[in-house]
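Worksheet for the structure shown next.
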Amino acid sequence: MPPSCHPCVAMRVPVAPLSLLLALSLLSPWGCAGGSCPPRCVCASNLLSCSQANMSVVPAPLPRFTAVLDLSHNNVTRLRADWAPARLPHLHALLLSHNGLAFVSTEAFAHVPRLRHLDLSSNRLRTLDENLFSDLGELEVLLLYNNEIATVDRTAFENLGRLRKLYLGQNRIARFPLELLREGTRLPQLALLDLSANRLRAVPAGELQALPAWLRDRLYLHNNPLACDCLLFQLLDRGRRRHLSAVEDFQDELRCFQPGGTAFVKILELAGKPPLNCSRAREAVLEAHLGDSVTLGCDSRWQGVRGRHWVTPGGERVLGEGGNGSVVLLANGSLQLRALRPEDAGTYSCWVAGPLLNETLYVELLVHNFTLHGPHDTLNTAYTTLVGCILSVVLVLIYLYLTPCRCCCCRGTEKPPAPRDDSINSSVLSTTPNHAGGTGEPCPSHAAPGAGTGQNGRFKGGGTPPLPARQGPKAQRKVSDPDSVSSVFSDTPIVV
């Protein structure tokens, strides 16, 4: 039997080298189990670099263990949903810059949920559609600068709870994306927002001033065609005094155009210059009243720093959390003052130990020497007095002009007319005649014969007797009643 066919020959083949090669092939990242390195790419450990390989599509298949994928400087113009047909659970960095990329599917990132760094810069993207990045819940850095982006959907950055840095500079954005910063819709971990070199003409300066200093420190607005405005000037002036990087490092690039002008001017040089004549920003003074409780915020530009303490106007240092009851240091670094007293007024200092430099913030507190309810009580007293005076005047007018007849039984009784020869002597503004000498007795239904009551209740001995009743349709007309409201000007009877 030939030696090659002898069964013992196979037993003589060295087994150790074969098993070693098999083990190495299984342990190697680029073994058959994990996939092979794509052509025209360079593979090193879990890094896959296909940069400048003149590719128009993403190479396939991609090894599952790939952690960093570099596809920059190629011709990948469209990123479809199937660019990664299999799930890439370890991929945390994807570089697609300088590709002429013009389309990204809303499902393009469904198979890369662990992505933390995404570079789409220097492409031809024009719009950011709704929920474009909603599958990237762990994304921390998103680079979109140097594109042609003009439209940003309000939901494009939904579900990016861990996003810390967002670069949107050198685009065509004309609307400030306030939803990224407004309380309630703001990205909770966002610490840098680059909107430089866009087409912004106005920014919400009032709402931006209310942002924490550590966020304003990395809010870049330079090289935008902004309209000059005093609120914008004060926003940037405060940033310069606080040494915020976004203002201090780009003072020459922060420009605006004035109304009616064509040339740009430096925003930080608008103080006192016509036509706006903007005044420099002044830090607001916190005002309170006796007995109130206030909280002084330590708005540091260093985020997450815990090494801080306060110094009161009296020189007392408040170091750790807690306090003596009236002065309490809160967990977020703010100082709470309870039951304010006049001696609590003054300037409080917050000392912050930053990673590079220390920072000192000053908060001035003004305590009014009265309680909060004092002015309101004074106002209520004055209002009550005014209402009382008005009611008194109204009652007097009612009494003068709308007083009812004092003799209720005289309304239905025919009264004798006054003497005709005395009508010319009656007073135009005569007072109401007295009744029965002021005894309160009801008026008599008939006057005594041969006697009459004259003007103003005076007795006339030689008065004329009452006229006889007249017949006819006009017989029911009565003479004027001197006690009625209509007899104010004259009590002369009307003769028909």
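Each reported figure results from applying straightforward, stated rules to the coordinates on display, with no laboratory input. A quick note: this is a predicted structure, and the numbers were derived from the prediction, not measured. Here Cβ is always computed from backbone atoms with ideal geometry, including for glycine, and neighbour counts include all displayed protein chains.
Give me the dipole magnitude in Debye, nearest 20, for segment 286-368 about the Cα centre, with unit charges on the beta carbon: positive for Lys and Arg, negative for Asp and Glu.
For this selection, approximately 280 debye.
Taking the number of other C-beta atoms within 10 Å as the exposure measure, put ARG162, ARG308, ARG218 in order starting with the fewest.
By the 10 Å Cβ count, ascending: ARG162, ARG218, ARG308.
Determine Rg/Rh for segment 114-162; Rg is computed over alpha-carbon atoms and Rh is the Kirkwood hydrodynamic estimate from the same atoms.
0.96
Pick out, from LEU187, ASN159, ALA197, the residue whose Cα sits farthest towards the positive end of the charge dipole of segment 124-265, with +1 on the Cβ of Lys and Arg and -1 on the Cβ of Asp and Glu.
ALA197
Whole-Hz Karplus ³J(HN,Hα) for segment 68-82, in order, using 6.51 cos²θ - 1.76 cosθ + 1.60 and θ = phi - 60°, x for Gly and Pro?
Result, ordered by residue: 10, 10, 10, 10, 6, 6, 10, 10, 7, 8, 9, 10, 7, 6, 9 Hz.
Cα atoms only: what Rg and Dmax, in Å, come out for segment 286-368?
Answer for segment 286-368, Rg first and Dmax second: 12.5, 40 Å.
Quick check: the distance between the Cα centres of segment 233-298 and segment 37-104, to the nearest angstrom?
Segment 233-298 and segment 37-104 have Cα centres spaced 46 Å from each other.
Which net charge results when you count Lys and Arg as +1 and Asp and Glu as -1 among the other residues whose beta-carbon is under 11 Å from that of PHE103?
+3
Please list, in chain and number order, the residues 5+ apart from ASP292 or on another chain whose amide H is under 5 Å from its amide H, with Hs placed from the backbone.
Residues meeting the amide H criterion: LEU340.
If the viscosity is 0.692 mPa s and the temperature 37 °C, what translational diffusion coefficient in µm²/s does Stokes-Einstein give for segment 253-317 when Rh comes from Kirkwood over Cα pairs?
Answer from the Stokes-Einstein relation: 197 µm²/s.
How big is Rg to Rh over segment 182-272, alpha-carbon atoms, Rh as the Kirkwood inverse-mean-distance radius?
Computed over Cα atoms, the ratio is 0.95.
In whole Hz, with x marking every Gly and Pro, tabulate ³J(HN,Hα) for segment 187-203 from phi via Karplus 6.51 cos²θ - 1.76 cosθ + 1.60, θ = phi - 60°.
Result, rounded to whole Hz: 5, x, 9, 5, 10, 8, 9, 9, 10, 6, 6, 10, 10, 6, 9, 8, 10.
What is the magnitude of the charge dipole of segment 210-305 about its Cα centre, with +1 placed on the Cβ of each Lys and Arg, -1 on the Cβ of each Asp and Glu, and no other charges, expressed in debye to the nearest 20?
Magnitude of the dipole: close to 160 debye.
Under a Cβ-Cβ cut-off of 14 Å, what is the net charge of the residues other than THR77 that fall near it, where Lys and Arg count +1 and Asp and Glu count -1?
Spelling it out: positives minus negatives among the neighbours equals +3.
If amide hydrogens are placed 1.01 Å from N in the peptide plane, which non-local residues have theirs closer than 5 Å to the one on LEU226?
Answer set, sorted by chain and number: PHE257.
Would you tally the net charge around VAL367, using a Cβ to Cβ cut-off of less than 9 Å, leaving VAL367 out, and scoring K and R as +1, D and E as -1?
Once all neighbours under 9 Å are counted, the net charge is -3.
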